[in-house]
Number of protein chains: 2
Amino acid sequence: MLTIAQRKTLAFIRRYMKRRGYAPSLTEIAEGIGISSKGTSHRYVQALAKAGEIRLLEGRKRGIELVDKKELSKFTLPLLGTIAAGQPIKAIANQERLDLNDYLIGPNRYALQVKGDAMIGIGILDGDLVIIEHSNTADNNAIVVALIDDQEATLKRLRHLKSGRIKLIAENPDIPPMIYAAARVKIQGVLVCQLRRYC
Amino acid sequence: MLTIAQRKTLAFIRRYMKRRGYAPSLTEIAEGIGISSKGTSHRYVQALAKAGEIRLLEGRKRGIELVDKKELSKFTLPLLGTIAAGQPIKAIANQERLDLNDYLIGPNRYALQVKGDAMIGIGILDGDLVIIEHSNTADNNAIVVALIDDQEATLKRLRHLKSGRIKLIAENPDIPPMIYAAARVKIQGVLVCQLRRYC
DNA sequence: ATTTACAGTTCTCCAAATGTTCTGTACCCT
DNA sequence: AGGGTACAGAACATTTGGAGAACTGTAAAT
């Protein structure tokens, strides 16, 4: 339940965002609700986030998002808990919901269907769908879609070698890793998620 | 979430393209939003691309395309094609979209997180999420959540034996299959889909 | 084919705006 | 007096906004 001051804060944030299209700063919130300390408005904003009325984008200026109560039920599934061999399902407290939306969807993402067993060692099988986020760079050890000599595109684990060359590793003991000069390899995207349908 | 400057940049690009029919250059963008460094406008444009507001046509001058936001907000992803070791991405004709909604979501479905390696043989690893559709029956050979003696819940492959008994098979050579009298096994749900996040 | 102007990319540096955390003060209540 | 709440304001860390130089790549003109 919100206090009067928190309610006032929320109302101000809503008004501000509606009018200007972006979130107010803490100083503006303080002004807007008639106090002079942004330390205090900070407290209210934190309380609103905890109450689930807004969402805070960590480490960003004006990083407030309104939570749309309608949207909440759309692409979510109840996350019941964990299952292991030999043990009952262990329920997770207060029935979390899993938001598949931010799990899977995003700008610059696309799906590919995997052919072949090159990545079988990490459980990516023939026919699986992988979701790729478009990017020209990738962290060491990430799994990437790499284009070699502008010809072949493959899904492999990436490793930057100290020599500056690039090692592409298939997670399959039958397929040896390959090493290429950096110029021959273009990264097209990074593996974000994998999914497989059973029915 | 866009910053104020990014928003301003996007608005300018939209205005410019509407009026002139083609995209502005970085210098024009800088002028248009009232700054003098095209290095800076470059940063904003990159940020907009990452946020999915625009698309950049690589290696082309004035290569900015506006992205239609309507498509993006749905629960779909472009399905580009297939990827295999040693071959280019094979595009699927006219860019199908993959609707994850009917892939994943449904009434009576819930998610569980898998613990342990019991199903490693078919690529279900520790930590993966599985989506289960609630059901008291299952086809032969389906993978199910089964409750044994009202005690243990496990994820196993189901096989109805001619004897009327039920065989539960872990897809792991280290774990032998178990056979139970039908009365001891209750099916709680059927594995519909599996997904794993990599980042 | 070469030159040239335009456009995009990368980099470094700096300043201002903003979020976060703390400490201190005032007021109200029992 | 003690505890709680509301608020102010300082101090600090981080993000955002911006300038400009140097470089690479593209496309058009010669």
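Counting other Cβ atoms within 10 Å as a rough exposure proxy, the listed residues A:166, B:169, B:35 run B:35, B:169, A:166 from fewest neighbours to most.
Computed per residue of chain B from DSSP H runs no shorter than four, each worth -39500 (n - 2.57), the mean residue ellipticity at 222 nm is -7000 deg cm²/dmol.
Rounded to two decimals, the Cα radius of gyration of the range B:99-199 over 2.2 N^0.38 Å is 1.08. Shielding by partners for peptide B:108-120, expressed as the average number of C-beta atoms from other protein chains within 10 Å of each residue's C-beta, is 5. Placing a label point 7 Å from the Cα of residue B:5 along the Cα-to-Cβ direction, the distances to the matching points in the other copies come to 3.4 nm, shortest first. Projecting label points 7 angstrom from Cα along Cα→Cβ for residue B:102 and residue A:43 puts them 5.4 nm apart. Neighbour counting of Cβ atoms within 10 Å sorts the residues B:130, B:192, fewest neighbours leading, into B:192, B:130. Taken over the Cα atoms of the range A:10-79, the convex hull encloses 105 Å³ per residue. Rounded to the nearest 5, the antiparallel percentage of DSSP beta bridges internal to the protein assembly as shown is 90%. Pairs from the list A:8/A:50; B:18/B:69; A:61/B:69; A:8/A:38; B:38/B:61 with a Cα-Cα gap above 18 Å: A:61/B:69. According to the square roots a ≥ b ≥ c of the eigenvalues of the Cα gyration tensor, what is the shape class of the protein assembly as shown, taking rounded for a/c under 1.5, prolate for a/b larger than b/c otherwise, and oblate for the remainder? Because a/c hits 1.5 or more and a/b fails to exceed b/c, the protein assembly as shown counts as oblate.
Each copy carries residue B:136; placing its label point 7 Å along the C-beta direction from Cα gives inter-copy distances of 6.0 nm, listed from smallest up.
Sorted shortest first, the distances from the residue A:66 label point to those of the same residue in the other copies are 2.3 nm; each point sits 7 Å from Cα along Cα-to-Cβ.
Averaging the sequence gap over all C-alpha pairs within less than 8 Å and six or more residues apart, then dividing by the number of residues, gives chain B a relative contact order of 14 percent.
The mean sequence distance of close C-alpha pairs (under 8 Å, at least 6 residues apart), as a share of the length of the range A:4-60, puts its relative contact order at 32 percent. In whole Å, what is the distance between the alpha-carbon centres of the range B:142-199 and the range B:15-68? Cα centroid to Cα centroid, the span is 55 Å.
Across all C-alpha atoms in chain A, the radius of gyration and Dmax reach 23.5, 69 Å.
Bear in mind these aren't lab numbers, they're just calculated from the coordinates by the rules spelled out. Only a predicted model underlies this, so the values are computations on that prediction, with no experimental measurement involved. Here Cβ is always computed from backbone atoms with ideal geometry, including for glycine, and neighbour counts include all displayed protein chains.
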